[in-house]
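Have a look at the structure below, then the notes.
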Amino acid sequence: MPTGNDCPACGENIGIWAVFRAPFPNRIFCPHCRERLRYGHTDLLIAGAVCAFVALTVLGLAAALWVGFGDVVQVVVAPVAVLLLGGAAIEVVFVCVLWYGSYRLELVNRPKTDWDDETV
Ligand SMILES: [Zn+2]
């Protein structure tokens with residue numbers, strides 16, 4: 001039974017790792033046929049991710065203020081740790097939302113009329 005995570009070009013499940021490796025939901029590549037894919041209708045999700053990263057940046061700056069500016073190592077390490085850990089957590093959450101949500105993969109470079117009906 002096809003799912004929203006099947007490649008519309010070759011019909012194979014792309015696997016969650018292909019979604020993790022993609023920097024954006026529209027820069028996913030099928031590991032089987034190398035077709036460029038995207039999840040459709042992700043505008044609100046992307047806006048939410050941008051807001052989460054902005055909030056994370058503010059938290060990183062707040063961490064730098066919290067540790068004070070006496071020790072240069074602490075001033076650098078605190079915000080970097082907040083950004084790395086928070087960024088990883090945000091990525092895991094958004095990949096899981098894409099993977100387990102009702103989002104469906106689409107081809108980026110070909111219109112839907114060119115899709116092979118047998119594999120969709
Ligand atoms: Zn494919």
Handout entry: Cα coordinate range in the chain, projected on the principal axes (Å, largest first)
Key = 64, 25, 24
Fill in the blank from the handout: Rounded to the nearest 0.05, FRET efficiency between V77 and V54 (Cβ-Cβ, R0 22 Å) equals 0.55
Handout entry: Calculated P(r) of the stretch 61-111 - Cα pairs past 16 Å, %
Key = 60
Practice task
Using label points projected 7 Å from each Cα along Cα→Cβ, tell me how many nm separate V92 and V67, to one decimal.
Solution key: 2.2
Fill in the blank from the handout: Extension length gain for R36 and L85 (0.36 nm per residue less Cα distance), in nm, is 14.8 nm
Problem - C10 paired with N109, simple spin-label distance in nm, labels 7 Å along Cα-to-beta-carbon - result: 1.4
Problem - Percentage relative contact order, the stretch 1-84, counting C-alpha pairs under 8 Å, at least six apart - result: 16
Practice task
Relative to the longest principal axis of the C-alpha atoms of the chain, give the angle of the C-alpha long axis of helix 72-100, reported between 0 and 90° and rounded to the nearest 10°.
Solution key: 20
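Just so you know, all these numbers are worked out from the coordinates, no wet-lab data involved. Since the structure is predicted, the reported quantities are computational estimates derived from the model, not experimental observations. Glycine also receives a Cβ, built like all others from the backbone with ideal geometry; neighbour counts cover every protein chain displayed.
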